[in-house]
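Written out below as structure tokens is the structure these notes cover.
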Amino acid sequence: MELTVRIIDLTYKVENGKAVIYLFCVTPDGQRVCVRDSTMAPFFWAEGVDSEKLLRLKTAEGWITDVRQEERKLHGVKKKLCKVFANMPKSIPVLSRLVKDQLGAIVYENDILFTRRYLLEKNLFSHKEVVAEGEWIASGLSVPLFEASVVRNGGDNKLGVPRLLALDIETYDSRGRIEPDKNPILMLGLVGDSFRKVVTWKRFSTEDKDIEFVTDETALLLRFKELLDMYQPHMICGYYSDGFDLPYIKKRADVLKVTLNVGLDYSPIFIPEGDDAARITGIPHIDIFKFVKKIMGRSMETEVFSLNAVASELLGEKKHDVDLDMLSKVWDSDPEKLEVYAQYNAQDAALTYKLCRHLWTNMEEFVTLIGLPIETVTRMSYSQLVEQYIFRQAQKHGELAPNKPDDAEMEKRTRMRLKGGFVYEPTPGLYHKVVVLDFRSLYPSIIISHNISPSSFRCSCCPQSHNTVVIAGEHYWFCENARGFLSAILEDVVTKRAQVKKMMKDVSGDEKKLLTSRSEALKLLSNSFYGYLGFAAARWYSFESAEATTAFGRQYIQSVITHAQDTGFSVLYTDTDSIFLQLGDKTKEEAKQFQNAINETLPDMMEMEWENFYPHGIFVALKGALGGAKKRYALVDEKGNMKIRGFETVRRNVAPIAKEVQENVLRIILKEGDVKKAAAYIRQTIKDVGQRKVEKEKMIIFTQLQKDIKQYESISPHVAAATRMQAKGIDIGRGSFISYIVGNGAGKLRDKVKLPEEAGEYDANYYITHQIIPAIGKIMEVFGHKAEDFQNDESQSDLSKFWS
DNA sequence: ACCGGGCGGGG
DNA sequence: GTGTACGCCCGGT
């Protein structure tokens, strides 16, 4: 019979000396089943050795079972190879080493995980339809088992919405230390589809029917298994559950000698070394933290990936505000107060559940793009995603995967330094009628247009090619006849994305969300190709390709600069892929004509886009800053929107008054074009601050403690504030938010720090010289003002009256 | 500038 | 599991 299912997880076992694949699957109606396939043998490739010799090779555990002659390409070059089959996956590293060392052969693809090899060889994709031919057999698993003689790709239909369960635990902790061997799990929160539960083992009165009491920690662990068996999740998720929740649960089960055989094959939770994926056989586990940090983080605002920060940004929802450091004390001596902690626990699980749902389409798009299981894909870095994607395509094209670099090669590669994009430094000043144009996806489009690939680099057929770029006096050219493998793949990704974007125009709702996620996944993938080429550990590493990509990029932007100047535009600033033009006497229409003219000279894949037109903008010098010139400008468009880059307005540890003054100064200059008014406004504000007419609230500096108070060597203002908070009985540690005011008084800054509620008068002089002046100084210097102009005038003498 | 080491998340 | 994260920040030189 035939069975149509979607793979969600897979593993292999050795049975009677043979590797057997177990595919954990979901049927179209949501049943969990397992498909067993014992038809594939592990193999690797060998070059430069004959079959006879190979077949004689044998070790105690491993031997070669078969050798077949086949042809494959490496970087486009055809090779005659031996496909070497072995008795077991684990024999592969041993045997391939012997083949290399004793027989002098070159070996390829001898480090491919067996489950990945299986999916590649059979062209199967996780979460997409697969068809198995075979029959149901007696199952030793907790789900039905199907023995397959054939498993094949069933098309592009995808997994429906899976049954999901989020988990979170609260633990006893002794003075902030996590000691799973000593301290028990106090609460277990589970949230699923119309499912919510907190299990705990100390009784307190509550109205919440989702809170369930058990006798002790052992009972809590057993209840966890029961609930898993009852709910039958397709997947489970947690927040940093690879590094905390699941290892903790596993450890407690070991300590208490509880059999926690939650795997669908009755195996226990598997915790690897380090903080890699915690696994439950047959139930994929997603660590939301990992996926957010590695993949989604790039397109997010937050720099902190705590559950609270991530949930706030993505869901607009926060964790419950409870004092977690008190949990252990409350547990010991005041259990009636435990309810808030149970609610906190449930909320954490709920946020994790919602995040997983929110990010589902993003995760699934990557899964169906790469084809590997969700458990793997959600933990991969960009370069791994690119590599796995290339690997899958290589298979289709009969291309071998190049070997990973050895230690010596790695070292060599890490020392290489890439020259980046071209920056045309702006002259500080106020500018009017600024047009910004930028290249759409500059690097991907260059790689495609110039056929940049290891296989097309310095081909022998077109040395006179005009597809050449010169780097340090050397000619780099790429073939004009044969399509390079990597650039062809990348073109395919970009083309797919264009199709998806086209489709997006005609749909809405869930379908639109799906296509948006697909487009984002394809964009992230295509934008990562360039970085991948220069990534030291990459199989398809090509420093020349990476170098050529940035070199062509510099060439393009420089030619745009020249062209712009020849056309009579004044170039203000450029960086890598964007150019800022001053219109002067010219019109926007002429700038558009210029843009069109540039586009006519560009290859098809490349395009200069109209970013925006800005009536006014200022550019500020950044002398003395580390790392050379940085973007520091402010522009205002016709709708009045300000585009501000590189000013400290965004920084947290600056007083609101300084942010306010800076924003207002930029607004007055950009929108009203009145520098005198801005200067007058600054003088007035400084005067007001000097006379303390500006309210205290605007002087509160807000920051976060990066480590525990004791660990600070020097007492900076925020540490002094933290110490004061601690003295008041507030529990302060790493991550605590600190707010303070610099008060009037003598001595060092740290002696003047006051908490907002205890502060009397603020130190006006400090706020003027250390907050306001730095925020506007660089801007006003552009207009010939010196910082002292604002400090030495009458406001300062007014201020002096208040000095004691 | 260049490196070596340590950390993130969780309680 | 046919393995050995990775990128950033800090402090020292």
Just check chain A against the gyration tensor rule for me: Cα atoms, a ≥ b ≥ c as the square roots of the eigenvalues, rounded for a/c under 1.5, and otherwise prolate or oblate depending on whether a/b exceeds b/c. oblate
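Need one number for the range A:358-456: average projected area of the convex hull over its C-alpha atoms, nm².
Over every viewing direction, the Cα hull of the range A:358-456 projects on average to 11.9 nm².
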Surrounding charge for A:R440, neighbours by C-beta under 13 angstrom, Lys/Arg +1, Asp/Glu -1, total -3
Explain nothing, just the number: dipole magnitude of chain A about its Cα centre with +1 on each Lys and Arg Cβ and -1 on each Asp and Glu Cβ, in debye rounded to the nearest 20. 1040
Accessible area (Å², 1.4 Å probe, nearest 10) - A:M725: 30
With every protein chain kept in place and ligands, DNA and RNA left out, what is the accessible area per residue of chain A? Probe 1.4 Å, answer in Å². 46
Partner lysines whose C-alpha sits under 23 Å from that of A:K523, ignoring same-chain residues fewer than 8 away, are A:K128, A:K158, A:K290, A:K293, A:K294, A:K396, A:K496, A:K501, A:K502, A:K505, A:K512, A:K513
Simple Cβ-charge dipole of the range A:222-313, Lys/Arg +1 and Asp/Glu -1, about Cα centre, in debye nearest 20: 220
Which value at 222 nm does chain A reach when only helices count, each DSSP H run of 4 or more adding -39,500 (n - 2.57), with the total divided by all residues and rounded to the nearest 500 deg cm²/dmol? -11500 deg cm²/dmol
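Give the relative contact order (percent, whole number) for chain A; include only Cα pairs under 8 Å separated by 6+ residues.
Details: 1469 pairs, mean separation 71.7, N = 804.
Over chain A, the number comes to 9 percent.
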With all protein chains present, how much of the accessible area of chain A (probe radius 1.4 Å) comes from carbon and sulfur, to the nearest whole percent? 49
Among A:N123, A:F146, A:L95, flag the residue with its Cα farthest along the positive direction of the charge dipole of the range A:73-174, charges on Cβ as +1 for Lys/Arg and -1 for Asp/Glu. A:L95
Along Cα→Cβ, 7 Å out, is where each label goes; now give me the distance between the ones at A:R68 and A:I700 in nm to one decimal. 7.2
Going by average Cβ neighbours within 10 Å, how do the peptides A:425-433, A:239-247 rank, with the highest at the top? A:239-247, A:425-433
Give the lysines reachable from A:K18 as a straight Cα distance under 26 Å; neighbours fewer than 8 places away on the same chain don't count. A:K53, A:K58, A:K83, A:K90, A:K100, A:K122
If you average 1/r over all unlike Cα pairs in the range A:334-405 and invert the result, what Kirkwood radius do you get in angstrom? 15.3
Starting from the eigenvalues of the Cα gyration tensor, five times each then square-rooted, give me the equivalent ellipsoid semi-axes of the range A:288-372, largest first, whole Å. 32, 13, 10
Overall form of the range A:54-174 per C-alpha gyration tensor (a/c, 1.5; a/b vs b/c): prolate
Just to be sure I understand the curve: with the Debye formula and one point per C-alpha of the range A:132-290, what is log10 I(q)/I(0) at q = 0.14, 0.20 Å⁻¹? -0.78, -1.40
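Ranked from highest to lowest mean number of other Cβ atoms within 10 Å per residue, what is the order of the peptides A:311-322, A:503-514?
Values: A:311-322: 14.2, A:503-514: 11.8.
Averaged packing, sorted descending, gives the order A:311-322, A:503-514.
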Using the Cα gyration tensor of the range A:11-58, the equivalent ellipsoid's semi-axes, largest first and to the nearest Å, work out to 35, 12, 6
Whole-percent pair-distance distribution, where bins are 10 Å wide, for the alpha carbons of the range A:473-546: 17, 37, 27, 15, 4, 0
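Ranked highest first by the average count of other Cβ atoms within 10 Å around their residues, in what order do A:777-783, A:395-401 fall?
Going from most to least packed, we get A:777-783, A:395-401.
The values are calculated or read from the model by the stated rules, or taken from the named source; none is laboratory data. Predicted model, so just to flag it, every value in this text is computed and none were measured. Quick reminder, even Gly has a Cβ in these numbers, built from the backbone with ideal geometry, and neighbours come from all protein chains shown. Only protein heavy atoms, including side chains, enter the accessible area calculation; ligands, DNA and RNA are left aside. Shrake-Rupley method; radii C 1.70, N 1.55, O 1.52, S 1.80 Å.
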